[in-house]
Amino acid sequence: MNPSQILKKYNIFPKKSFGQNFLINEDILEKIVSFIDLKGKNIIEVWPWYWALTEKLLLKGISAIDLVELDKKMVEILEDRIKTWDFNLTSSKLRLNNIDILKYEPIFDDYLVIANIPYYITSPILFRFLYDIPNKPTEMIILMQKDVADKIRKIKWNKSSVLSLYVEYKCVEVKEIIKVWPWNFIPPPKVESSVLYFKLRDVWDNALDKHFIDMIKLWFSEKRKKLISNLSKRFDHNKVSAIFDLLWLSENTRAEELSLDIWIRLVENMIKI
């Protein structure tokens, strides 16, 4: 069945309370699952909804899949589709989890995240998989609001933000797979969408994570102020000024102007104060 037929069969209506906009363009669904080789991969699919993307994933020779769905009505539909679907995965290799994704704990050590998520929880989900959980994914493919995707990739503005730095700190690659226009959804969202691919770093300094997060928040707390002014709210101004001199930073520097490399060097020096 194509997505439109599935929606009709199960009498599915998008729920505004869940931020549901169903992607029904099969060509775009196929591009999402074909961007990288998924054969033998463990997959976590976030908010699979009525199975349209899941169906295509199951045809890619994946090793195992965990579906994480919050909407109980959708869980009932998924359970029915699992019963009637002819696939090679055993029940132990396909799990359906009726749980909030922000409380879900991955069972895989090596896995990939694929998600068509409500736009209002894009940042929390990214933060969850990039920072909160100990066994992080190797890659992620996420459909999100295009403005957010552009902000992550610093398109148009070419300036750093809290979100772009959070992502850049954990990823070696962020690439747009495809733009998605509103008419490819039911109901059409009021904004354009984008599918992004994230490849995470193999190694990172977990001990530096909390300092990096806390200081990024502090530095961007008042973006219009000079960076040194924000830092001096918590740290001795003279010591902060000395670090700026060490890194050849002007006292007129603003948080959004710095590259990730300078941010990391700044954090490393600030935590010594």
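Apart from one condition, Arg128 fits all of (1) touching a strand residue (DSSP E or B) at 6+ places or on another chain (Cβ under 9 Å); (2) more than 19 Å from Ala52 (Cβ to Cβ); the exception is (1). If you go through the range 1-41 and keep only what is of a type in the set (D, E, K, R) and modelled with pLDDT of 90 or more, you end up with Glu26, Asp27, Glu30, Lys31, Asp37, Lys39, Lys41.
In the range 1-119, counting only helices (runs of 4 or more DSSP H) that sit wholly within it, the ones holding 1 or more residues that are surrounded by 20 or more Cβ atoms within 10 Å (Cβ to Cβ), out of contact with any strand residue (DSSP E or B) (no Cβ under 9 Å at 6 or more places or on another chain) and of a type outside the set (D, E, K, R) span 72-84. Flag set for Pro182, criterion: surrounded by 13 or more Cβ atoms within 10 Å (Cβ to Cβ), in contact with an Asp or Glu (Cβ under 8 Å, 6 or more places away or on another chain) and without any contact (Cβ under 8 Å) to a residue 24 or more places away in the chain.
The set of residues in the range 206-221 that are free of Cβ contacts under 8 Å to residues at least 60 places away in the same chain and either surrounded by 14 or more Cβ atoms within 10 Å (Cβ to Cβ) or over 13 Å from Ser161 (Cα atoms) (or both) comprises Asn206, Ala207, Lys210, Phe212, Asp214, Met215, Ile216, Leu218, Trp219, Phe220. Residue-level analysis places Val240 outside the set of residues that are assigned by TED's automatic domain parsing to the domain that holds Thr138, modelled with pLDDT of 90 or more and surrounded by 14 or more Cβ atoms within 10 Å (Cβ to Cβ).
The values are calculated or read from the model by the stated rules, or taken from the named source; none is laboratory data. These numbers come from a predicted model, not from an experiment. Ideal geometry is used to build each Cβ from the backbone, glycine not excepted, and the neighbour counts take in all protein chains shown.
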